[in-house]
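Notes follow once the structure below has been shown.
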Amino acid sequence: MTENCVFCKIIKGELPARVVYEDEDVMAFLDINPVSKGHTLVVPKKHYRNMVDAPDDVIAKIYTIAKKIGVAAMNALGAKGFNVISNNEKVAGQEVFHFHVHVIPRYTGDELRYDVKGYKYAEGEADEVVKKLNEALK
Ligand code: AMP
């Protein structure tokens, strides 16, 4: 547990949350400032700063629960799909530094846009990027 971590406080019951799912490792609760109806955060009970620090088995479990919640939103809320998003570090929009995944149910005609595609590769750059990532992933 980390002092002053808002998600640790929710997990400890020191702050209120609308809990949609809980087991021994994971808690999922509604985002206080939702992007869409049913926007849920899936959070490991153990504190990790973000995906960089979280062990792979924890990440796998969080994404498995995220899928379940997305499917539940499709079955129970009338969502027609969902996005699963994780912001890692400030530059990526992370505001709460306790690893979490957003499940954002999507509804016909909701016109949510976070996926604006603005990046243009310079000549030869895409090949260079693939090469560098291939190397880094070896
Ligand atoms: P991120 O930008 O990925 O770090 O997102 C943090 C999310 O946590 C934001 O969408 C906030 O609305 C949400 N949030 C912050 N405080 C609370 C809280 N007390 N209960 C529920 N959601 C929260």
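Remark: for residue pairs LYS12/LYS45; LYS117/LYS138; LYS37/LYS80; LYS67/LYS117, the C-alpha separation exceeds 19 Å in LYS117/LYS138; LYS67/LYS117. Where the alpha-carbon atoms of region 19-68 are placed on the principal axes, they occupy 30, 20, 17 Å, in descending order. Against the criterion of solvent-accessible heavy-atom surface with a 1.4 angstrom probe, VAL20, VAL129 sort, most first, into VAL20, VAL129. The mean sequence separation of alpha-carbon pairs under 8 Å and at least six residues apart, normalised by the residue count of region 9-138, gives a relative contact order of 22 percent. Placing pseudo-labels 7 Å out from each Cα toward the beta carbon at ASP56 and VAL130 gives an inter-label distance of 2.5 nm. If you take all other residues with their beta carbon under 13 Å from the beta carbon of THR108, and give Lys and Arg +1 and Asp and Glu -1, the sum is +1. Full extension of the chain segment joining LEU112 with GLU22 gains 29.6 nm, where the gain is 0.36 nm per residue of separation less the Cα-Cα distance. Simple point charges give the picture: +1 on the Cβ of Lys and Arg, -1 on the Cβ of Asp and Glu, and for region 1-101 a dipole about the Cα centre of about 360 debye. Per residue, the convex hull around the alpha carbon atoms of region 63-135 comes to 155 Å³. Computed from Cα atoms alone, the Kirkwood hydrodynamic radius reported for the chain is 16.6 Å. Put ARG49, ARG113, ARG106 in order of accessible area, highest first, and with a 1.4 Å probe you get ARG113, ARG49, ARG106. For region 69-138, averaging the sequence separation of C-alpha pairs within contact (under 8 Å, six or more residues apart) and dividing by the residue count gives a relative contact order of 29 percent.
Of the accessible area of the chain, with the probe set at 1.4 angstrom, what percent is carbon plus sulfur? On the chain, the fraction of accessible area on carbon and sulfur atoms equals 54 percent. Of GLU111, GLU128, the order by accessible heavy-atom surface (1.4 Å probe, DNA, RNA and ligands excluded), from most exposed downward, is GLU111, GLU128. Approximating the spin labels as points 7 Å out from Cα along Cα→Cβ, the ASN33-to-GLU95 distance works out to 0.2 nm.
Think of the chain as a dipole: +1 on every Lys or Arg Cβ, -1 on every Asp or Glu Cβ, centred on the Cα centre; then among SER36, THR2, ALA122, SER36 lies furthest on the positive end.
The values are calculated or read from the model by the stated rules, or taken from the named source; none is laboratory data. If you're wondering where the values come from, they're calculated on a predicted model, not measured in any experiment. Don't worry about glycine lacking a Cβ; one is built from the backbone with ideal geometry, like all the others, and counts go over all protein chains shown. With ligands, DNA and RNA removed, areas are computed over all heavy atoms of the protein, side chains included. Shrake-Rupley method; radii C 1.70, N 1.55, O 1.52, S 1.80 Å.
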